[in-house]
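Participant: Can you keep this structure in mind? I'll have questions shortly.
Since every read-out is calculated from the coordinates, none of them should be taken as a lab result. Here the structure is a predicted model, which means the values were calculated and not measured. A quick note on method: Cβ atoms are made from the backbone with ideal geometry, for glycine too, and the neighbour counts reach across all protein chains shown.
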Amino acid sequence: MTNEQQQPERASGCPPHEFGNRLAWHWTREMPRPLKGGFLTMLYALRAMASTSGQLRFNDGKPIRIQDIAKAAGCREKDARRYLEAAIVAGVVATIGERRRGRPTVYVTLTCPWPNWSGAADYLKSTARPRKTEDAETPDESSGHSGPNSDGAEVRAAVARTEEEAVRASAAPMGSGLCGPNGSGLCGPNTPRVTQERTQELADVVPQAEAGAGAREDDDSPNKTEDASPARQAQDVRRCPRCQKGTIVRPDREVCGRCVMDDAKAAKEARQKPVQGAFLLPLTGGQGAPRKPVEHVQWPQEDPTALLRVCGCGREYRLRNVDCCPDCLMAAEEQRRALEAVSNG
């Protein structure tokens, strides 16, 4: 896709069009690395905001403010002024009229055949804000962009000061009963630990607390170390005397929870009675009672020469001297024999 297709409203050869082509195909290849950052973004923003004459004006002729240019380039207003001054030094941007304080300056893009990129880089280097930390990047590697992302040095310095203050405040007050003198590990979860060397240094300058004449020797507070000792907790644990594996948690029980569940399951199985599924009749004798084997009933043979009849269940059959089908006969006979086996057993 050509530039004419991308911007049909601008005729070929207009100043913004030529400025964009030279910037994309020539200047970006000639720029030093420090300029390929916020400065390059500013040039692309100028190309997009310029009118057909190359001036940064609206359609009604009013000049575009520096605040709008900074927002289009994604930087602060101070950095936008630095980038525009560097572009003027390079010869790719100029101003129209006298520059006065309180009045917006009119900028215009120029198609310079030999831009002074080294002068622009030197200007940005001389006007860059000084770094406050030693681990900041060198000027050769920096892009010259001092936008919102350049505040990392101030943030890192503030974090370092906060860490130093936290170390100074990490020592617990003397006689508070929260930490041992040598970092014995009895501190609470929110109490910072202090090393032995740090404690000895503080002991030289901090006066030791002295016990008063009427000080209590026995402390009934819940922070006593002997109450939370592992030996005391081990004495409270009881083993199940039945399975010798479970732990008795509740004081009102003599066996563990697993044994209680096993007893309840066994009692439930003992209360259950066998039920005949076909007629839902409870049978006596219990689940484990022995039963006599039930003889199977022989299936009646139909007579092809008999008349075709219809049973009360809806089935058709051919039998003589009976009032029901073979299925009903078999069900009635099996029920009778099963009841006899239960009553006799």
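Participant: Between VAL255 and CYS112, with labels modelled 7 Å along Cα→Cβ, what's the label distance in nm to one decimal, could you check?
Facilitator: About 9.7 nm, to one decimal.
Participant: Taking the Cβ of CYS324 as the center, what net charge do the other residues with Cβ under 13 Å away carry, scoring Lys and Arg +1 and Asp and Glu -1? Walk me through the intermediate numbers first.
Facilitator: Working: positive: ARG309, ARG315, ARG318, ARG320; negative: GLU302, GLU316, ASP323, ASP327, GLU333.
Here the count lands on -1.
Participant: Also: Over the alpha-carbon set of the range 298-345, divide Rg by the Kirkwood Rh and report the Rg/Rh ratio to two decimals. Present the calculation step by step, with values, prior to reporting the outcome.
Facilitator: Details: Rg = 13.1 Å, Rh = 11.9 Å.
Answer for the range 298-345: 1.10.
Participant: Run the simple label-point estimate for ASP327 and GLN244 please: 7 Å along Cα→C-beta, distance reported in nm.
Facilitator: Label at ASP327, label at GLN244, 6.0 nm between them.
Participant: Be a star and scan the range 311-340 for residues whose amide nitrogen sits under 15 Å from the point 7 Å along the Cα-to-Cβ vector of THR305.
Facilitator: So the set is 319-321.
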